[in-house]
Amino acid sequence: MSILFPGMLQSETKDRTILERRLLDVDERVAQLQVIIPAGPDGDHKRELEQELREMLRMRLDLQQRLRPAPAPTAVERERLENARKRRQQLVDQAVRERQQQLEWFIEKMMREGDYTAARLYRQQMLLVREQVEREYS
């Protein structure tokens with residue numbers, strides 16, 4: 001799970017499931033090729049099947065490496081991640097404040113001009129500022 005992006009856990013789980021399924025499919029094809037090649041055709045067809053087997057074995061290694069759990073972060077890495085999380089939060093908070101100030105200025109301007117509909121829409125927009133900024137900084 002990512003400290004900076006807490007929502008990634010579900011995505012990582014889904015990705016892991018996809019990779020595990022792909023590994024099973026690759027294993028199945030490797031088993032098929034190991035039966036077909038010795039008893040199968042000669043010439044170009046055999047060379048293509050052997051090439052496919054090599055590619056499947058490389059893909060299998062790649063999938064196994066991607067499925068290996070990441071090592072636990074060291075104390076220094078945890079501190080860096082925490083500092084990065086704090087910096088990100090400061091940037092988000094600052095951006096939210098700036099956008100809210102802009103919207104407040106527009107609301108006041110619209111109210112002075114008598115455009116109450118626009119003022120209402122800007123007030124509603126203020127409720128979405130944090131969510132928009134969080135999405136931009138993710």
(request) Would you confirm whether any residue within the stretch 39-54 is more than 30 Å from Glu134 (Cβ to Cβ), of a type in the set (A, V, I, L, M) and modelled with pLDDT of 90 or more? (result) yes
(message) Looking at Tyr122 and the list (1) touching a residue at least 24 places away in the same chain (Cβ under 8 Å); (2) in contact with a helix residue (DSSP H, G or I) (Cβ under 6 Å, 6 or more places away or on another chain), which single condition is not satisfied?
(response) (1)
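Can you find a residue that is among the acidic types (Asp, Glu) and either exposed (fewer than 11 other Cβ atoms within 10 Å of the Cβ) or not in a helix (DSSP H, G or I) (or both) anywhere in the stretch 80-97? Spell out the reasoning first.
Filtering the stretch 80-97 down to residues among the acidic types (Asp, Glu) leaves 82, 93.
Right, trim to either exposed (fewer than 11 other Cβ atoms within 10 Å of the Cβ) or not in a helix (DSSP H, G or I) (or both) and you get none.
No, there is no match, as no residue in the stretch 80-97 is among the acidic types (Asp, Glu) and either exposed (fewer than 11 other Cβ atoms within 10 Å of the Cβ) or not in a helix (DSSP H, G or I) (or both).
The values are calculated or read from the model by the stated rules, or taken from the named source; none is laboratory data. It should be emphasised that the depicted structure is a prediction, and the values quoted were computed from it without experimental measurement. Glycine also receives a Cβ, built like all others from the backbone with ideal geometry; neighbour counts cover every protein chain displayed.
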